[in-house]
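The structure appears right after this line, and notes come after that.
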Amino acid sequence: MIRICFYKGCGVVYGEKEPLSDKAITHGLCPKHYEISLKELKAEIERLRDKAGGFKVLIVEDSTLFRQLLKETLHGRFPSIEIYQARDGEEALQKVEACLPDLIFMDIRLPGDNGLDLSKRIKSLHPDIIIVILTAYDLPEYREGSRQYADYFFSKGSLTSENILTLVQSILITTG
């Protein structure tokens, strides 16, 4: 097996070049560039951790169980993120003004308030806050409303932990 380093056009041939009967060529990282790429990866992970340390999330959801599960999921991958919770619109508005979150996970059906109307109010005051609508009711009018006032829309029925974690990671990268 012939191995050629692909790191930034290095092209160094490394590793086993025999047996002659195996003329396949593979690409990887030579030992020097393997170490460099590990250091770069570690630096990127540290940068994300540092960014996550100042990142604030607000979960607006009337279900205590769902709020707790989402909080635990986020803390599992991003332990330094600050997470706040609100069970209704009034409490959500107070938390937005008190902690000014970077990201809000918003349920549509809340006691006393509609999550879409609440999103509209928050966005009018703080347009840079990213709002993710989470709902068990995947209705066309909710999708349309979320396009106007939120940045993302997820149906709880199709939601996975990995979807949420990937979304948060991409937000951390783009806001970093």
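Enumerate the pairs (first residue in region 60-87 and without any contact (Cβ under 8 Å) to a residue 24 or more places away in the chain and farther than 19 Å from SER119 by Cα; second residue anywhere and in a loop (DSSP other than H, G, I, E, B) and open to solvent by 70 Å² or more (accessible area, probe 1.4 Å)) with beta-carbon separation below 8 Å, excluding pairs fewer than 6 apart on the same chain, so at least 6 apart or on different chains.
Short answer, once both residue conditions are applied: THR64/ARG87.
Could you list, in sequence order, the residues of region 66-98 that are assigned to a loop (DSSP other than H, G, I, E, B), of a type outside the set (Lys, Arg) and either touching a Pro at 6+ places or on another chain (Cβ under 9 Å) or open to solvent by less than 70 Å² (accessible area, probe 1.4 Å) (or both)? Even if it seems obvious, please write down each step before you answer.
Filtering region 66-98 for residues assigned to a loop (DSSP other than H, G, I, E, B) gives 78-81, 87-88.
Subsequent filtering for residues that are of a type outside the set (Lys, Arg) retains 78-81, 88.
If the condition is that a residue be assigned to a loop (DSSP other than H, G, I, E, B), of a type outside the set (Lys, Arg) and either touching a Pro at 6+ places or on another chain (Cβ under 9 Å) or open to solvent by less than 70 Å² (accessible area, probe 1.4 Å) (or both), then PHE78, SER80, ILE81, ASP88 are the ones that fit.
Counting only residues that are over 9 Å from the mean Cα position of the chain (by Cα) and farther than 16 Å from LEU69 by Cα, which one in region 156-176 is most open to solvent (accessible area, probe 1.4 Å)?
THR174
I'd like the residue in region 121-145 that is hydroxyl-bearing (Ser, Thr, Tyr) and in a helix (DSSP H, G or I) and, out of all such residues, is most open to solvent (accessible area, probe 1.4 Å).
The extreme case among them is SER124.
Does GLN148 count as within 18 Å of the chain's Cα centre (by Cα), open to solvent by 40 Å² or more (accessible area, probe 1.4 Å) and not hydrophobic (A, V, I, L, M, F, W, C)?
Working: within 18 Å of the chain's Cα centre (by Cα): no; open to solvent by 40 Å² or more (accessible area, probe 1.4 Å): yes; not hydrophobic (A, V, I, L, M, F, W, C): yes.
Criteria not met by GLN148.
The values are calculated or read from the model by the stated rules, or taken from the named source; none is laboratory data. Owing to the predicted nature of the structure, the values given are computational and were not obtained by experimental measurement. Neighbour counts run over all protein chains shown; Cβ positions are idealised from the backbone, glycine included. We work out accessible area using only protein heavy atoms, side chains counted, and drop any ligands, DNA or RNA first. Shrake-Rupley method; radii C 1.70, N 1.55, O 1.52, S 1.80 Å.
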